[in-house]
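Just so you know, all these numbers are worked out from the coordinates, no wet-lab data involved. In this text, all values refer to a predicted model and were calculated from it rather than measured experimentally. Cβ: placed from backbone, ideal geometry, glycine included. Neighbour counts: every protein chain shown.
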Amino acid sequence: MDELKQLQFSESRRSFLKKTSLGFGSIALSSLMNPTMAQAKKFLENHNQNFENGNLGQPILSPHFPAKAKRVIYLFQSGGPSQLETFDYKPLLQKRHGQEIPPSVKSTQRNSGMVAGQTSFPLAGSVYDFKQHGQSGAWVSELFPHTASVVDDLCVINSVYTEAINHEPAVMFMQTGSQQGGRPSIGSWLSYGLGSDNENLPGFVVLVSKGGGGQPLSSAAWGNGFLPSHHQGVRFRSGKDAVLYLSNPKGIKKEDRRRALDYINQLNNEQFDHWQDPEIHSKISQYEMAYKMQSSVPEAIDTQTEPDHIYDLYGEDAKKPGTFAANCLQARRLAERGVKFIQLYHTGWDHHGNLPGGMKHKAKQTDQAAAGLIQDLKQRGLLEDTLVVWGGEFGRTSFSQGKLTATNYGRDHHPGCFSMWMAGAGVKPGMVYGKTDEFGYNVVENGVHVHDLQATLLHLLGIDHEKLTFKHQGRRFRLTDVHGHVVKDILS
């Protein structure tokens with residue numbers, strides 16, 4: 001402790017100013033050469049952060065208006081589920097199955113390089129039947145009978161469109177508002193803007209289904225970008241250790257860990273006084289959260305106490321750790337405990353070939369669990385203030401990629417239109433919004449751009465998307481970049 005006091009004395013700002021020959025001129029030069037570090041304390045003070053205790057979970061803003069949603073569960077279906085085999089019924093494709101897509105239609109959208117050498121572009125009708133369900137009369141594929149049973153709780157949006165045509169930039173665009181890496185994800189923006197509702201659990205948790213296959217996921221999709229690092233998503237894994245390196249090593253007791261953290265925090269605070277780097281306080285916050293999670297995480301993810309009727313609701317896979325169904329059940333438990341943003345990823349929806357078989361497999365993995373989550377939240381009164389979102393990064397083409405037969409075909413990436421659904425807090429239930437043309441190729445009514453979707457999500461949480469910003473490298477950034485409109489028609 002004497003060494004700490006000596007360091008504090010010798011490296012205090014007053015001591016530094018007395019010693020240096022440049023005085024305030026040195027500080028001015030420092031601010032020009034490294035403005036982030038020089039402005040750190042001012043930034044933190046302006047955003048109501050608590051330096052001394054390292055408590056960075058406090059919000060930087062109050063909601064701009066009353067929030068309808070307290071939390072979000074985002075069921076991201078990575079790979080691009082086909083809208084033509086889910087919710088956007090197109091009988092014309094059945095009638096014209098095998099006929100060439102009209103050039104006047106095909107030319108309205110760009111296609112990926114994977115069909116550049118293809119000389120024929122035959123239309124492919126879905127092999128799966130569609131029926132109307134519920135009072136809303138929404139069309140749902142026979143692949144999703146459980147989702148059809150809760151369709152009056154959903155707002156199905158058939159007119160989403162994006163700007164990206166390949167997986168990585170499309171996923172990044174949907175999750176961060178930019179096709180380039182390095183931007184904060186939705187959950188990070190919410191952690192930064194609204195803080196956490198549970199001091200013992202992260203405000204932003206990520207669950208990735210095992211066995212999904214398909215395109216790999218980059219952790220940048222749930223990264224903090226240029227925001228302080230304690231706002232990044234914390235991934236919970238299946239198995240004994242839900243969070244890597246959270247458990248104490250053999251022979252280390254809880255009291256030992258506490259003493260070590262206290263000493264490390266003192267050293268870090270001394271470093272902060274010297275360098276004024278806000279990332280030091282992020283590290284303190286992360287250390288403290290890890291310590292708290294040692295007791296809170298095992299209880300939060302332990303589903304063994306759930307009764308049999310809950311497992312029946314989510315499906316037999318709910319008892320298999322790491323499956324989409326098990327993660328949906330964990331998401332409900334985390335929502336109950338105040339986690340603000342729960343991000344589920346389920347991969348394997350990229351069906352360039354053998355789409356009928358691939359879609360059937362993916363639907364079986366996800367349909368019952370997603371519907372079960374809606375029912376479970378509803379029966380607990382949680383759906384009233386929980387927003388649930390389902391969808392991927394883009395749609396699929398109405399023409400076949402590769403060889404077309406009566407029973408088999410593939411579909412290429414298609415940014416021009418795709419389907420998503422939302423349910424819960426502040427969203428009109430039993431609604432079908434937006435419309436595409438008879439080929440399922442272009443939006444013709446009530447288009448919803450990715451930034452519109454993001455603006456609406458923030459709006460439901462009480463945030464004006466134009467006012468949640470962060471200054472980085474001389475520019476103020478936001479999730480919705482420089483545009484985006486709240487889709488007021490779908491709000492209740």
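Points to keep in mind about this one:
- Length gained on full extension, residue 302 to residue 467: 55.6 nm, using 0.36 nm per residue less the C-alpha separation.
- Amide H contacts of residue 71 (H built 1.01 Å from N, under 5 Å, at least 5 apart or other chain): 387
- Panel order for 393, 270, by other beta carbons found within 10 Å of each beta carbon, from fewest to most: 270, 393.
- Fully extending the segment from residue 142 to residue 360 would add 77.5 nm, taking 0.36 nm per residue of separation and subtracting the current Cα-Cα distance.
- Considering helices alone, the calculated mean residue ellipticity of the chain at 222 nm is -10500 deg cm²/dmol, with DSSP H runs of length four and up weighted by -39500 (n - 2.57) and normalised per residue.
- Net charge dipole size for the chain [Lys, Arg +1 and Asp, Glu -1 on Cβ; Debye, nearest 20]: 700
- Considered as an equivalent ellipsoid built on the Cα gyration tensor, region 195-245 has semi-axes of 21, 16, 9 Å, the largest given first.
- Alpha-carbon spread of region 286-356, three principal axes, descending order, Å: 48, 32, 18
- Per residue, the average separation of C-alpha pairs within less than 8 Å and at least 6 apart gives region 140-198 a relative contact order of 15 percent.
- Karplus-derived HN-Hα couplings along region 211-219 (A = 6.51, B = -1.76, C = 1.60, θ = phi - 60°), whole Hz, x at Gly and Pro: x, x, x, x, 5, x, 9, 8, 5
- For region 70-117 versus region 172-250, the gap between their alpha-carbon centres in whole angstrom: 29
- In plain terms, if you count all Cα to Cα distances in region 233-369 and split them into 10 Å steps from zero, the share in each step is 10, 30, 27, 19, 11, 4, 0 percent.
- Selected from 92, 275, 424, residue furthest toward positive end of dipole (the chain; charges at beta carbon): 275
- Given charges at beta-carbon only (K, R positive; D, E negative), |dipole| of region 191-274 in Debye: 540
- Amide H contacts under 5 Å for residue 471: 477, restricted to partners 5 or more places along the chain or on a different chain, H placed in the peptide plane at 1.01 Å from N.
- Residue-by-residue Karplus 3J(HN,Hα) for region 237-242, coefficients 6.51, -1.76, 1.60, Hz, glycine and proline x: 9, 7, x, 5, 9, 5
- From the coordinates of this entry, mean projected area of the Cα convex hull in nm² is computed, and it appears in [x] 26.0; [y] 29.8; [z] 38.7 under the label [x].
- Extension reserve of the residue 295-residue 114 stretch, reckoned as 0.36 nm per residue once the Cα distance is removed: 60.3 nm
- Greater than 29 Å apart at Cα, pairs in 320/340; 90/340; 292/319; 240/360: 90/340; 240/360
- Three principal axis lengths of region 297-424 [C-alpha, angstrom, descending]: 50, 27, 24
- Sites listed here are chymotrypsin sites (Phe, Trp or Tyr not before Pro) in region 79-129 whose DSSP assignment is loop and whose Cβ has at most 15 other Cβ atoms within 10 Å, and the list is empty.
- Residue-by-residue Karplus 3J(HN,Hα) for region 480-492, coefficients 6.51, -1.76, 1.60, Hz, glycine and proline x: 8, 6, 10, 8, x, 10, 5, 7, 5, 4, 9, 8, 7
- Among 139, 349, the order by Cβ neighbours within 10 angstrom, fewest to most, reads 139, 349.
- Loop chymotrypsin sites (Phe, Trp or Tyr not before Pro), region 182-277 (other Cβ atoms within 10 Å of the site Cβ: 16 or fewer; DSSP): 226, 245
- Calculated FRET value between residue 483 and residue 380, using beta carbons and R₀ = 45 Å, to 0.05: 0.75
- Kirkwood radius for region 71-162, taken over all pairs of different Cα atoms as the inverse mean of 1/r, rounds to 15.5 Å.
- Sequence-distant residues sharing a close amide H with residue 352 (under 5 Å, placed H): 411
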